[in-house]
Each structure stands twice: as C-alpha cells, then as structure tokens.
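Worksheet: one structure, shown below.
The values are calculated or read from the model by the stated rules, or taken from the named source; none is laboratory data. Model, not experiment: these values are computed from the prediction. Methodologically, a virtual Cβ is constructed for each residue, glycine included, from the backbone with ideal geometry; neighbour enumeration extends over all protein chains shown.
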Amino acid sequence: MATSATIAQREPSKSEIRMVIAASSAGTVFEWYDFFIYGTLAALIGKAFFPSDNETLSTLLVWAGFAVGFGFRPLGAILFGFLGDRLGRKYTFLVTVTLMGVATAGVGFVPSADSIGLAAPLIVLAMRIAQGLALGGEYGGAAVYVAEHAPPDKRGLYTSFIQASVVGGFVLSILVVILCRFLIPADDFADWGWRLPFILSLALLAISLWMRLKLSESPVFEELKEAGEIAGNPFVQSFTYPGNPKRIFVALFGVTGTLTTIWFTAYFSSMSFLRGPMRLEESVVELLMLATGLVSMGFYVLVGKWSDRVGRKLPIVLGAALTLALLFPLFWGIGALANPGLASSARAAPVVVMGEGCSYDPFANRQETECGRLLADLTALGVSYDVRDNQGEARIAIGGEQPHIAMGDDATRKAAVQAALEARGYNFAVQTPPFVNILGIAGLLLGLGALSALTYGSVAAVLTEMFPPQIRYSSLSIPYHVGAGYLGGFLPLIAAYIVATTGNAYAGLWYTIAVVAFGLLVAMWGLKGGPPRDFADDHS
C-alpha cells in the first residue's frame, strides 16, 4: 500500500480553507448540539420517558439512555469510516449530519411514557442509537477533512476548531434551553416546551447541509482516487497495515480514553454535581456552564496552535498529569463555594446508617430492607453517609444522635429523614451562592476546561498524523469512538452509580482518575515526541 509520501497534495486557497473550517466546525457544533441536548435536559427526559418512584433509578435510566448512544458510536465509526475511505470524506459526513438531525428531532415528537407506556423509552433509545451511529462517522470525517486541507505547520491550529466546536455544541444546547426557559412559562416548559430544542435541530440541519454542500472533496482523497490507491477494505486494513495495531492501541487508551473522560468530567460531571448534590438553582448552573464553556472554547484553539510548535505529545501528557493532581481539589473547591453549608454540616454532624441488610441497589425500584430504604433517602437528598453496624433494626445516627424515624410509607419516612437532618444543620433549599462564590466556581470550572483543552486541543492533528491516508478515516474513527463511546460515554452512568452506592458525591471522580492514569502511561510510552510529523515520515 502506498503512503502519503506519494500524495502530491493540492494546496487549497485561503478562502477555501476558511470555508472548510467554518463548514466543518458549524456542522460539528450542530451535530454535538443534537447529541448533548439530551444530557442538558436529562431531568425532564427522565420524567417524560423513564418515570420511577426511585429518583436515583430514574436518573440512572436517563444516563443509561445517554450511554446507549455512545455505545453505538464504534459501529458508526466502522460503517462511515469504511464509506469515508472508499467513497470520500465530503459525502460521508453529509449523511452523518442528516441522520443526526432527523433522529434528534424525532425525540421531540415521541409521546411520553404516560401516553404510550413502554413504547416511549424504546423509541427514544432507538433515536439514541441512530444518533450514536451518526456521531461515529461525524468526528472522523470532520477531523480528516480539515486536516487534509491544512498545511502541516498549521494542522494543529486549523483542526483545533473541531475540538472547540464540540464544546460549542454543548454551549449551544445550554443557550437554547436558557432561551426556551425565558420565553416559555416554567410549567409549560416542563410539560411540552422542553421538546422545542430537539425539534429545532431540523433548522440546524438545514443550515449545516447548505454549508457542507458548498465544499469540495478533500485534496488528499482526490489524489488517492486519481492514483488508484483507494483502500479495498479499510476496516480490515486498519488492523493489518504494518504498525497500525500499536497505533490504534495508543490512540484508544493514550489519547482518546484520556481526553474523553476528562472532557465529560469537566462539563457533564460538573453540571450534574452542581444541579444534584450541591442543589444550585437551575438558571445559575446553566449560566455558569454557558459562560465558562464559551471562554473554554478559546483554550482548545490555543493548545492546537501551541502543539504546532512543541509537538502533540507534550500538551496531552501535561494535561493528563495535571488532571491526576488537580481533579479532586478542583471539585472540592467547587463544592465548598457552591454549598458551603452542606460541607460544614457533613463535618459537624456526620451520618451513620445501621441495621440488618444495610445495602443499596440503585437499580431497584424499591429497596428490599428498611435500612436500604434509609440509604435510598440519603442518596436522593445528596447526603454522604457511612454504613457501620449491619445488624438489628434500621436506624440512623446524625452527629452521634439517633433520631426516631418512623418506617412507614416512603414519603413519610423520607420527610422524617429530611426533617431530622435539617434539625441538625443540613439545608436542602435550592442554593444561590453569593456573587463572589459564583465567580470562584467559574474560575474552577475554567480550570477543568483548561485540563480538557490540553488533552483534546490537538487530538485531530495527532490522530491524522498517526495513520496512512488510504485508511485514515477508519483508523482514526475506530479508536476514537471506542474510547469516546465506552470510556467517556458511559462516564455519567458509571459515576452516578458509584456516587449512589457509596453515598459520596465525589466518589465518581475515581473512575476518571483510573482511566487517565492508565492513559498517561500509554501516552508516555506510545506517542512520539518532538515536532509534529506526518505519517509519511514515520512508519513505526
């Protein structure tokens, strides 16, 4: 198989480069908007499609639906990677953006579970599967398309707009939700207004298709086609090309696994943390994520440009190492500023639960034992606890005192638990911190955004440079979407499960730490240091 050394790449004009970046980035913004709107509206989606008497179970089901979309991303990567390497970059991601837009709008039209029963969540899951397939082809297409238009000395800068556009999709989803909440009364928004952001994807689809239809095919693919060097079976050749199995392993664990877990922790875990255990007022959380997301987009461009000078390895390794050192302190700081009373109450009056059969199953609609029901109440309230004595009748100690809790119906018991906690200093009111605290939270969220940018800003460039052009779409997309789909996409579900089973609002961060620690070792071993190099310069 020939390599990129044989490809006499045509130099695109400046206006063509601008259009390539604008159209690819806009399409990426719209497509990730479609994907993230589900997570942004997770609470309302849970009530509409996954209702349950167990609030924690409802939340887990929503995040399971979120994860399903990510679970199908690798299949989309295989399918659309094959088409992209065989038929071309441009037309493949025209198909992906269309599939994504139609599937997202479909969610907005699905009747609630109260109307059509089990069919509602099943249809929603089918839409999520379609979104996952589409997204599996989108990123590889956009990344390869921009990279193959960019001059080598600006590849990091030009492709960094793709990474910034992923954050842009997240920001756009929040902005649309804020505008809808502003224009639609709260009760109406909760009833039907939340569907409008999904249906809006049809307008975004039209804009994206209009922009992308103006594009020409990648010059690298055109040269490959003219030279008769199109891959016969890109999927098989991705695993048989000399050195590619190692490169795929490094791309999966050393690059994608690291960046995707940090990304979802920085944006989704922080948003869930502020909304859930910290009880921040909804509009405050959305404005915080909107403002910090907008600023953070610039970090990705700066890192991409920096990588053109120092190479791709240094920012990734630095970002992973700093994440291991700073992740817990950043979240501790956010918690202390967002709800200082909760932290002080937990220190002054720690909660201990005792009783026979004292275990908690987050996936059970109702816990089997009375002690398990106490744990469910505490988890729903976002209160940390310890389980010590697994014998005798169910009881709870708050700051060493054991209040009497009537083990009646669920609503009465939960109200009694909350009242006992409030009597000992716990505050479960919706929080609106002082402005100085909000500024502090914003600063810490920007810190998380910077960690994400270090590991993500240059990823399109490094992955493009790692693989031969004949199988580049497939070879790039497969490890990227396996890592992003499983290691990152399942993070909200896994983290929520860990928090639910431990009673510790920070415990879910250990999942991120474990993935990033392994990824750091792989990146240090497998990524090439020094100045950026195209694949033609290094076949190992």
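Some values worked out for this structure:
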read-out	value
Search result, residues across region 369-379 that are outside any helix (DSSP H, G or I) and at pLDDT below 85	none
Flag for residue 381 being out of contact with any Gly (no Cβ under 9 Å at 6 or more places or on another chain), outside the structural domain of residue 274 (by TED's automatic domain parsing) and surrounded by 17 or more Cβ atoms within 10 Å (Cβ to Cβ)	yes
Of all residues making up region 126-159, the number that are of a type in the set (A, V, I, L, M, F, W, C) and closer than 15 Å to residue 99 by Cα	7
All positions within region 417-451 that are at negative phi, of a type in the set (Gly, Ala, Ser) and touching a Ser or Thr at 6+ places or on another chain (Cβ under 8 Å)	442, 449, 450
Which numbered condition residue 59 fails, given (1) within 18 Å of the chain's Cα centre (by Cα); (2) among the polar types (S, T, N, Q); (3) closer than 23 Å to residue 204 by Cα	(3)
Residues of region 178-223 satisfying the condition of being in a loop (DSSP other than H, G, I, E, B) and buried (at least 18 other Cβ atoms within 10 Å of the Cβ)	200, 215, 218
Residues of region 99-124 that turn out to be surrounded by fewer than 16 Cβ atoms within 10 Å (Cβ to Cβ) and assigned to a helix (DSSP H, G or I), as a count	6
Unique match (being within 21 Å of the chain's Cα centre (by Cα), farther than 30 Å from residue 363 by Cα and not β-branched (Val, Ile, Thr)) among 82, 161, 70	161
Matching residues, region 271-310, being buried (at least 17 other Cβ atoms within 10 Å of the Cβ), of a type in the set (Lys, Arg) and either touching a helix residue (DSSP H, G or I) at 6+ places or on another chain (Cβ under 6 Å) or at negative phi (or both)	275
Residue match in region 102-121 (condition: aliphatic (A, V, I, L, M) and touching a Gly at 6+ places or on another chain (Cβ under 8 Å))	no
Answer from 480, 456, 473 - the residue that is within 20 Å of residue 75 (Cα to Cα) and within 14 Å of the chain's Cα centre (by Cα)	480
Tally, over region 341-370, of residues that are touching a residue at least 24 places away in the same chain (Cβ under 8 Å) and either over 21 Å from residue 413 (Cβ atoms) or of a type in the set (A, V, I, L, M, F, W, C) (or both)	13
Check on residue 239, under 28 Å from residue 21 (Cβ atoms) and of a type outside the set (Ser, Thr, Tyr)	no
Among the candidates 166, 171, 144, residue that is assigned to a helix (DSSP H, G or I), of a type in the set (Val, Ile, Thr) and either in contact with a Pro (Cβ under 6 Å, 6 or more places away or on another chain) or at pLDDT below 85 (or both)	144
Checklist (1) more than 30 Å from residue 175 (Cβ to Cβ); (2) over 20 Å from the mean Cα position of the chain (by Cα); (3) surrounded by fewer than 23 Cβ atoms within 10 Å (Cβ to Cβ) applied to residue 353, failing item	(3)
Index of the failed condition, residue 407 passing every other in (1) surrounded by 12 or more Cβ atoms within 10 Å (Cβ to Cβ); (2) hydrophobic (A, V, I, L, M, F, W, C); (3) at pLDDT 85 or above	(3)
Filter result for residue 128 (modelled with pLDDT of 80 or more and either surrounded by fewer than 23 Cβ atoms within 10 Å (Cβ to Cβ) or at negative phi (or both))	yes
Check on residue 317, hydrophobic (A, V, I, L, M, F, W, C), under 30 Å from residue 466 (Cα atoms), buried (at least 17 other Cβ atoms within 10 Å of the Cβ) and modelled with pLDDT of 85 or more	yes
